[in-house]
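Below you'll find the structure, written out as structure tokens, and then a few comments.
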Amino acid sequence: MPGEKVPMICGIDLGTTNSVIAYIDDHGKAQVIPNTDNERITPSVVLFDGAEAVVGKIAKNSAVTAPESVVQFIKRHMGEDGWTQTLCGKPYTPEMISALILRKLAQDAETVMGRKVGSVVITVPAYFNEIERKATQDAGIIAGLNVLSVLNEPTAAALAYGLDRLGQRKRVLVYDLGGGTLDVTVVQIEGTKIDVLATDGERRLGGIDWDDEVINTVAEKFKTEHQIDPRTDLDAYQDLRTKAEDAKIALSKLEKVRILCQCQGRTIKVELTRSEFERMTKAQLEQTETYLGVVLAKAKLTWKDIDVVLPVGGMTRMPAVREMLRRITGIEPDASVNPDECVAIGAAYYNAVLSMHQAPEATTALWLNGERTAPGALIKDIDAKARGLLQGVEVTNVNSHSLGIIGIRKSDGRMVNDILIPRNTPIPVERTKTYGTATANQVSVQIKVVEGEGEDPEDCVEIGTCVLSELPAGRDAGAKVDVTFRYDADGRLEVSARDRATGKEAKVEIQRKSGMTQAQITDAKAAIGGLDLG
Ligand SMILES: Nc1ncnc2c1ncn2[C@@H]1O[C@H](COP(=O)(O)OP(=O)(O)OP(=O)(O)O)[C@@H](O)[C@H]1O
Ligand SMILES: [Mg+2]
């Protein structure tokens, strides 16, 4: 209803280097909301300055002068147990720092639009494990947001691309190269369904690795000329990092750039051509290239089966990336969606889809700080046509990591990870496997549930335990126990174990394991609540 200020249905791309927020407008179209500086993209950088936390461009630019009070690339630490950074004398977790970024995005969106943020869907790399997903969700909660779901970034991008093209069958290869991660995913759009067929990637490969090559080249030249390494001088290093990134971005348009490097009163000017730059970063590009083949093979497809190549992420603006995609796939990379914005756009659409499924005609619940505070975003205010379109959308997903249990292998007595649900299995899914008790007279069975690909339990992450106890005494080893994994669409895993002979059963539901308790979330909220976002 025009004029009526209903809360907004939002999607947030919380990126390693940049973040974007989008909302669904009255016509049912997702639109990016600029920040209060009128920029559509906000650097994911926080500057701590006493009682103030400044998020965005100013923080990014201040990294040079105040590196000790600036945090960047926090997404790389998401879910890392025990990681904190002390800023202005206080320790901050990745969740708290991410919460400041999310709060800034939401706060600016509310100021610019004059409407409340009703609910959000936050995107994560397909590569994130359950702990990292949960940490992202916690960050949203700490920011005071109503987080409906977390969504894989490539799925969001495919949704942004595919919403206007529902009804046709299209297989989309999403190649997302951002500031810090590479995600390659094959998504199938069929009818109203959007399915992830396969996904893989590299969690520590992105724009900064390209920047590092430029930095190292310039620094080596500087060393030869002045016998000083600018990488050992903090101010000079930060400054060079900014200039290297600027040079890389400029080289997407220009054939040649000049980089001025200054350190301790000395200066050099380095000229860098696009072809030199491409040669320097060939190994990185080739590394991304290998994932194309890997994901295609995982999806059991050939390039002939792919209809669309969708470049996502700021780095795909580089001509070399597009050329590589063209060469490998034989397909002209799509230019219809904005590589910087489509993830947030898709997340907003997904939020609309979820809101509609939850409450088709009425309001979506709005929970803030654990209390129902106001009516939620009104889906019925959206254009009837768009509503119909969104109503039909079904997004299915695959699990990004294998799920298994730790068992003793009969042949050699070694403890191994025995996988029940391999990665890339479409979810929801249910799998049962029968195991035997290890010893005679075993009256309880402890099932360690792990996430990971390797056989060695050391390489896996333990995500929960299911204990089946009070089994009858006096039995031989090998009493049969059926273990069932039920993995539902929103990432909840239910593990049950059933003793065949007695029918005795134990069940646990493994929520995304939270690194944080409710009390910790409340404390984190209080800690960042005192900070003014400027
Ligand atoms: N025109 C351009 N040419 C080359 N690189 C660019 C261009 N524009 C942005 N970049 C680079 O893209 C990267 C940022 O991309 P993006 O904003 O998609 O990352 P992100 O979403 O924050 O990261 P991630 O997806 O890894 O979490 C930076 O390394 C930036 O330098
Ligand atoms: Mg991204």
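Of the residues LEU468, LEU301, the one with the fewest other Cβ atoms within 10 Å heads the list, and the complete ranking is LEU301, LEU468. Kindly express, to the nearest 10 degrees and within the range 0 to 90, the angle between helix 518-529's C-alpha long axis and the longest C-alpha principal axis of the chain. Between helix and principal axis, roughly 10 degrees.
Using Cβ point charges alone (K and R +1, D and E -1), the dipole size of the chain about the Cα centre works out to roughly 760 debye.
Counting only DSSP beta bridges with both residues in the chain, the antiparallel share comes to about 80 percent. Taking 31 Å as the limit for the C-alpha separation, the pairs LYS29/LYS104; LYS29/LYS134; LYS5/LYS60 exceed it in the case of LYS5/LYS60. Positive end of the dipole of the chain (Cβ unit charges, origin at the Cα centre): among VAL6, VAL187, ILE21, the Cα lying farthest that way belongs to VAL187.
Percent antiparallel among DSSP beta bridges with both residues in region 1-158, to the nearest 5? Intermediate results must be reported in sequence, preceding the final value.
Details: 19 of 30 bridges.
DSSP beta bridges in region 1-158 are roughly 65 percent antiparallel.
Between GLU332 and LYS504, what is 0.36 nm times their sequence separation minus the Cα-Cα distance? Round to one decimal in nm.
Numbers: separation 172, 0.36 × 172 = 61.92 nm, distance 5.80 nm.
Net length gain for the segment: 56.1 nm.
Between region 137-155 and region 241-274, what is the separation of their alpha carbon centroids in Å? If we compute the Cα centre of each part, the gap is 37 Å.
Counting only DSSP H runs of at least 4 residues, each contributing -39500 (n - 2.57), and dividing by the residue count of the chain, the helix-based mean residue ellipticity at 222 nm comes to -9500 deg cm²/dmol.
In this structure the amide hydrogen of VAL450, modeled in the peptide plane, comes within under 5 Å of the amide hydrogens of GLY404, ILE405, ILE406, ILE463, none closer than 5 places in sequence on its chain.
For region 465-485 versus region 438-458, the spacing of their alpha-carbon centroids is 12 Å. Here ASP26, ASP138 are placed in order of increasing Cβ neighbour count within 10 Å, fewest first, which gives ASP26, ASP138. Sorting 229-240, 149-160 by their mean Cβ neighbour count within 10 Å, with the most densely packed peptide first, gives 149-160, 229-240. Each 10 Å bin from zero holds the following percent of Cα-Cα pairs in the chain: 4, 17, 25, 25, 18, 8, 3, 1, 0. From least to most packed, judged by other beta carbons within 10 angstrom and beginning with the fewest, HIS77, HIS27 follow the order HIS27, HIS77. Between helix 319-329 and the chain, what is the angle of the helix's C-alpha long axis to the longest principal axis, kept within 0 to 90° and rounded to the nearest 10? The angle comes out at about 40 degrees.
Place the peptides 120-130, 405-415 in order of packing, highest mean first, counting for every residue the other Cβ atoms within 10 Å and averaging per peptide. List each step's numbers first, then the result.
Values: 120-130: 25.3, 405-415: 12.8.
Averaged packing, sorted descending, gives the order 120-130, 405-415.
Rounded to the nearest 10 degrees, the inclination of helix 153-162 to the longest alpha-carbon principal axis of the chain is 80 degrees.
For the pair ASP307 and ASP523, a Förster radius of 60 Å applied to the C-beta separation gives a FRET efficiency near 0.75, rounded to the nearest 0.05. Kirkwood analysis of region 403-503, using all unique Cα-Cα pairs, places the hydrodynamic radius at 14.1 Å. Taking each of LYS221/LYS243; LYS221/LYS248; LYS57/LYS223 in turn, the alpha-carbon distance tops 21 angstrom for LYS57/LYS223.
Each reported figure results from applying straightforward, stated rules to the coordinates on display, with no laboratory input. Worth saying up front: this structure is predicted, and the values here are computed from it rather than measured. All Cβ positions, glycine included, derive from the backbone under ideal geometry; neighbour counts span all protein chains shown.
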